[in-house]
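A short worksheet on the structure shown next.
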Amino acid sequence: MASLRQHQNEFLKDVDRLLKFIWLKGFELSGGELYRTKEQQEIYYKQGLSKTMNSNHLRKLAIDLFIFTNEGIWIKTKSALQEIGDYWESLSPYNRWGGNFKSFTDAFHFEREVEKVSNVRATNLKTITSVTPQKEDVVERPKFGLIKIIKSLFKFKKVKEGMTMKEGVKTSELWVAIGAALVVFCNSYFGWSLDSEQVMQFLAPIMAYLLGRTAVKLKK
């Protein structure tokens, strides 16, 4: 069974397809609501602008779109938007167009109807972040950290005897460059979110260690 996060992702993919379809038809667009708080839903419900307290806007599974002609005329009627609504519902069995609602016609409303997904109900929903992640929601990162990279740098081959200062410095610079490249690569690939200053804070002691070891070895 798909999680709420997965349904939200698929919903936005279908919205992307819908927008392209509308533009290909030569219409212009203006975006409306996607996410709606429970408090805002209560206001709409009391004003008669919504017929439910369990709107899919609460789950980020609905969006309102306002469609215009090239002349800037707002298209409001169900009949004029029927083709667009039919296209939306053809994208997924979960998709529903507000123009086809039985109790309340809302031709600007496009939603994904998965009420029971993740046991989210409007009566107890405060924020979308309150949904408990399911197992498939958790992305496991590879068990590989910066500490392992630093330790591996300390195990590099020792400077050979008889090496000149120039050769020793070049060797150390090589390993420092390799270490820097590894840190930058892993920061990007594994999502460490380190900025340039933090990266340099890690590289500085590595550079000092390698250059210092070279100098000591050459003095012997």
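The values are calculated or read from the model by the stated rules, or taken from the named source; none is laboratory data. On a predicted model such as this, the values are computed, not experimentally measured, just so you know. We place every Cβ from the backbone using ideal geometry, glycine too, and count neighbours over all the protein chains shown.
Filter the range 42-75 for residues that are closer than 16 Å to Glu115 by Cα and assigned to a helix (DSSP H, G or I) and give the result. Full working, then the answer.
Within the range 42-75, the subset closer than 16 Å to Glu115 by Cα is 51-63.
The answer is Asn56, His57, Leu58, Arg59.
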(message) Take the conditions under 30 Å from the mean Cα position of the chain (by Cα), surrounded by 19 or more Cβ atoms within 10 Å (Cβ to Cβ) and outside any helix (DSSP H, G or I) and apply them to Ile84. Does it pass?
(response) no
(request) Output yes when any residue across the range 59-69 is within 27 Å of the chain's Cα centre (by Cα) and on the phi > 0 side of the Ramachandran plot, and no when none is. (result) yes
(message) So for the range 112-122 (the condition being surrounded by 15 or more Cβ atoms within 10 Å (Cβ to Cβ), out of contact with any Leu (no Cβ under 7 Å at 6 or more places or on another chain) and at pLDDT 95 or above), does at least one residue qualify?
(response) no
(request) Residues being among the small types (Gly, Ala, Ser) and in contact (Cβ under 8 Å) with a residue 60 or more places away in the chain: count how many of those fall in the range 68-112. (result) 1
(message) Can you find, within the range 87-104, the residue that is surrounded by the fewest Cβ atoms within 10 Å (Cβ to Cβ) among those that are over 19 Å from Phe27 (Cβ atoms) and aromatic (Phe, Trp, Tyr)?
(response) Phe104
(request) Go through the range 1-35 and give me each residue that's in a loop (DSSP other than H, G, I, E, B) and in contact with a strand residue (DSSP E or B) (Cβ under 8 Å, 6 or more places away or on another chain). (result) Phe27, Gly32, Glu33, Leu34
(message) List the residue pairs whose Cβ atoms are under 8 Å apart, where the first residue sits in the range 1-23 and is without any contact (Cβ under 8 Å) to a residue 60 or more places away in the chain, the second is among the β-branched types (Val, Ile, Thr), and the two are 6 or more positions apart or on different chains.
(response) none
